């Protein structure tokens, strides 16, 4: 059977990425230009800045991916691109680039759903993983519990009603002065704290036992911090805007001197509340639906506490757990190339009228 090589492009948020993937599971290259340092100055992603930076970098990133893979456009069988969900301006840069290459080189075009890409990241490193399985997709913009019935057939059985888990991490990180990006900084800070120091609430949604809610937990953390500040005679409702507000950040700084609670204790207790809900919902759902394979995907899937807790819970239930390396958990193009391969061999093609769909739902075409 002829090898199939796909050039994939990802620009849904603040990473400009391109990759060449062979036969869906072999990553020949994976080039990423990250804008984290730029957006850290503003305490979060600024969509207009992200879009402009994509325009500046995308050609260089694509050339880098082709060079790393030892390929030219003549060696490719298709072009793949993320067309949703994401920031509309950022998505448009990648979609326009992919359509231009498709037209100029007469290559088939395959539009890929960003979340399907995250799920597919597991296939790159775990050659034995095949559908069906249960997958927890947890990132800055999404928290989904998904049954992966086939490579391009998905059923959402649980989702967040408000904040995504990663969004809650970013907001809490900002509140304690850690800055952006919140996920890895909270993870690091929490290693110095006590996960049982503060009994933060676990969010539950009555209408669907597998749905998520993190807005109440976020508010509980902010209210706790404000009450501690007011007890010390300080101004409440303080939210730090960026890392520059606290260049001397200390995880052992006391938040509540009376109870000997530190910043690290707050982050560890918050993280434990998020992890507890994610793990409980996933393992219970896997048991109810009879799955012995569970995967994780998305940026928060690289969180060390989540990985450890999910591993322990799955081992206790005889479930095999899969998750990608951290570089494949965050936004990248290799995952898009992997997902595109299975769309491509099923006959799916996109026309030159392909457009960015910022609110694209999983399973939509």
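Using 0.36 nm times the number of residues separating residue 1 and residue 74, minus their current alpha carbon distance, what extension gain do you get?
24.4 nm
To the nearest 10 degrees, how steep is helix 165-176 against the longest Cα principal axis of the chain, on a 0 to 90 scale?
40
Treating the angle as unsigned and between 0 and 90°, give the value, to the nearest 10°, between the Cα long axis of helix 263-289 and the longest Cα principal axis of the chain.
50
Quick check: the angle from helix 215-231's long axis to the longest principal axis of the chain, C-alpha only, nearest 10 degrees?
That helix lies at roughly 30 degrees to the long axis.
Put a dot 7 Å past each Cα toward the Cβ at residue 55 and residue 127; how far apart are the dots in nm?
4.4
How many angstrom lie between the Cα centre of region 329-357 and the Cα centre of region 274-311?
A separation of 26 Å, based on Cα centres.
Starting from the 7 Å offset along Cα-to-Cβ, what nm value, one decimal, do you get for the label separation of residue 348 and residue 292?
2.9
Just want the ordering: 48, 125, from fewest to most Cβ atoms lying within 10 Å of their own Cβ.
48, 125
Restricting to region 133-324, what percent of DSSP beta bridges are antiparallel, rounded to 5?
Just about 65 percent of them are antiparallel.
Which of the peptides 306-312, 287-293, 266-272 is most tightly packed, and how do the rest follow, going by the mean number of other Cβ atoms within 10 Å of each residue? Could the numbers behind the result be given before it?
Details: 306-312: 17.1, 287-293: 14.4, 266-272: 26.0.
Ranked by mean Cβ neighbours within 10 Å, highest first: 266-272, 306-312, 287-293.
Show that you can apply the helix-only estimate: for the chain, add -39,500 (n - 2.57) for every DSSP H stretch of four or more residues, divide by all residues, and state [θ] at 222 nm to the nearest 500.
It lands at -13500 deg cm²/dmol.
State the Cα centre-to-centre distance between region 79-155 and region 1-40 in whole Å.
Centre-to-centre distance over Cα atoms comes out at 11 Å.
How much of the DSSP bridge set in the chain is antiparallel, in percent, rounded to the nearest 5? It would help to have the intermediate numbers written out before the result.
Details: 29 of 46 bridges.
DSSP beta bridges in the chain are roughly 65 percent antiparallel.
When only Cα pairs under 8 Å and 6 or more residues apart are kept, what is the percent relative contact order across the chain?
Across the chain, relative contact order equals 25 percent.
How do 147, 198 rank when sorted from fewest to most other Cβ atoms within 10 Å of their own Cβ?
Details: 147 18, 198 21.
The order, fewest Cβ neighbours first, is 147, 198.
Computed from the coordinates by the stated procedures, all read-outs in this text should not be read as laboratory data. These figures come from a predicted structure and were not determined experimentally. Cβ coordinates were reconstructed from backbone atoms using ideal geometry, including for glycine residues, and neighbour counts include every protein chain displayed.
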